[in-house]
Amino acid sequence: MSVLHDTARELVAPAKGILAADESTGTIKKRFDSIGVESTEEQRRRYRQLLFTTPGVGDHISGVILFDETIRQTADDGRTFVDVLRASRVVPGIKVDTGAKPLAGFPNETVTEGLDGLRERLAEYAHLGARFAKWRSTIIIGDVTPTDFAILANAHGMARYAALCQEAGIVPIVEPEILMDGDHDLAACGSATDRTLDALYEQLAAHRVDLPGSLLKVNMVVPGKGNAVQDDDVAIAKATIETLAAHVPAAVPGVVFLSGGMTDEQATNRLNEMNRIGGFPWELSFSYGRALQAPSLTAWKGEEANVEAAQAALAHRAKMNGLARSGDYAPEMESSAA
């Protein structure tokens, strides 16, 4: 297990966090549609190459979550993307779930699929160079949701996945996401997150998952997008820390937040506010997708002439989040940092 422990700690090293570049073919098509670029395999390869070859990418990015297509692709110089990342001291990872599907018998709730054949897929991904993996489950707040059963079903699936990962020598990131959709308040998100984390760590213990060789990826405690009261970043930071302190074991080396429906700067500042509080046993880091990539996509627009500008945009966002890891970020740095 010592290798898993070392990898988990490497992923949450000071001033660094994870770039989530594991968008499914359907999701990245939506991203490309927003900038008027056709989503072909070659365009996706060119875009991922842009991200992974950003100068100094390893300064503030510890790991990258890849999609199945991406882990098999190569850069223009013939190196695999795994080797490109390794050369920059970035740990390659892989998304292994096959998506959230309707949970039969439980309207408006989902369960994540992908356990069938997972042992064999993990062995292949390890051979391809993946050292960590990610599995996402979605929890939905509504009038009568989330139900206890939906929470349990997703926690059980994440625990089975995590045990299989560790058997394969891969660090599991478990990602229960309480969705921001809806008009619920901060307290409702906190309650749903409390219940989900309790069930998750109960299931991880039952499946004998080694916590120091794992990471948690989770939402911050935030009000629903439709709620009239949008709490400030300090209140969100305090509520999130309170929830984590009550439910996440100290043996977990790090918590990496997802950016969900937050803006780029919200995701950075809220992480910064949490790290300013301090005093917790785990590293608090980031595993952002859109909140790291959006400025790069906008700058790139599918044009080779814009690659340098797109890479500069990624480097900037990574640096800002790297500063937030120690509570040293300030919004005015957005215009002054290079």
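Laid out as a table, the results:
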{"item": "GNM result for the chain, Cα springs below 10 Å: residue of Glu265, Glu177, Glu42 fluctuating most strongly", "result": "Glu42"}
{"item": "Selected from Gly129, Gly17, Gly105 as most flexible by GNM, with the chain as the system and alpha-carbon contacts under 10 Å", "result": "Gly105"}
{"item": "Spatial separation of Cα centroids for the range 120-191 and the range 1-56, in angstrom", "result": "19"}
{"item": "Residue list for the range 220-242, given a label point 7 angstrom along the Cα-to-Cβ vector of Phe280 and an amide N cut-off under 14 Å", "result": "220-222, 234-242"}
{"item": "Within the accessible area of the chain (1.4 Å probe), percent carbon and sulfur", "result": "52"}
{"item": "Förster radius 30 Å - calculated FRET efficiency between Ala228 and Thr40 (Cβ-Cβ, nearest 0.05)", "result": "0.10"}
{"item": "Heavy-atom surface of the range 135-187, accessible at 1.4 Å and reported per residue (Å²)", "result": "36"}
{"item": "Accessible area in square angstrom per residue, the range 1-87, 1.4 angstrom probe", "result": "42"}
{"item": "Percent antiparallel among DSSP beta bridges (both partners in the chain, rounded to 5)", "result": "10"}
{"item": "Pairs beyond 21 Å (Cα-Cα), from Lys30/Lys301; Lys101/Lys301; Lys225/Lys319; Lys29/Lys95; Lys30/Lys101", "result": "Lys101/Lys301; Lys225/Lys319"}
{"item": "Assigned charges on the beta-carbon of Lys, Arg, Asp, Glu; the range 15-83 dipole about Cα centre (debye)", "result": "140"}
{"item": "13 Å beta-carbon shell around Thr145, net charge (K/R +1, D/E -1)", "result": "-3"}
{"item": "J(HN,Hα) series, the range 200-215, from Karplus relation 6.51 cos²θ - 1.76 cosθ + 1.60, nearest Hz, glycine and proline x", "result": "4, 6, 5, 5, 4, 5, 4, 8, 6, 6, 7, 5, x, x, 9, 9"}
{"item": "Gaussian network model of the chain, Cα within-10 Å springs - most flexible of Leu292, Leu204, Leu118", "result": "Leu118"}
{"item": "Whole-Å distance, taken between Cα centres, linking the range 257-306 and the range 71-102", "result": "20"}
{"item": "3J(HN,Hα) from dihedral phi, the range 262-267, Karplus parametrisation 6.51/-1.76/1.60, rounded to Hz, x for glycine, proline", "result": "7, 6, 4, 6, 4, 4"}
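The values are calculated or read from the model by the stated rules, or taken from the named source; none is laboratory data. Treat the numbers as computed from the prediction; the structure is a model and nothing was measured. Methodologically, a virtual Cβ is constructed for each residue, glycine included, from the backbone with ideal geometry; neighbour enumeration extends over all protein chains shown. SASA here: full protein model, heavy atoms, side chains in, ligands and nucleic acids out. Shrake-Rupley method; radii C 1.70, N 1.55, O 1.52, S 1.80 Å.
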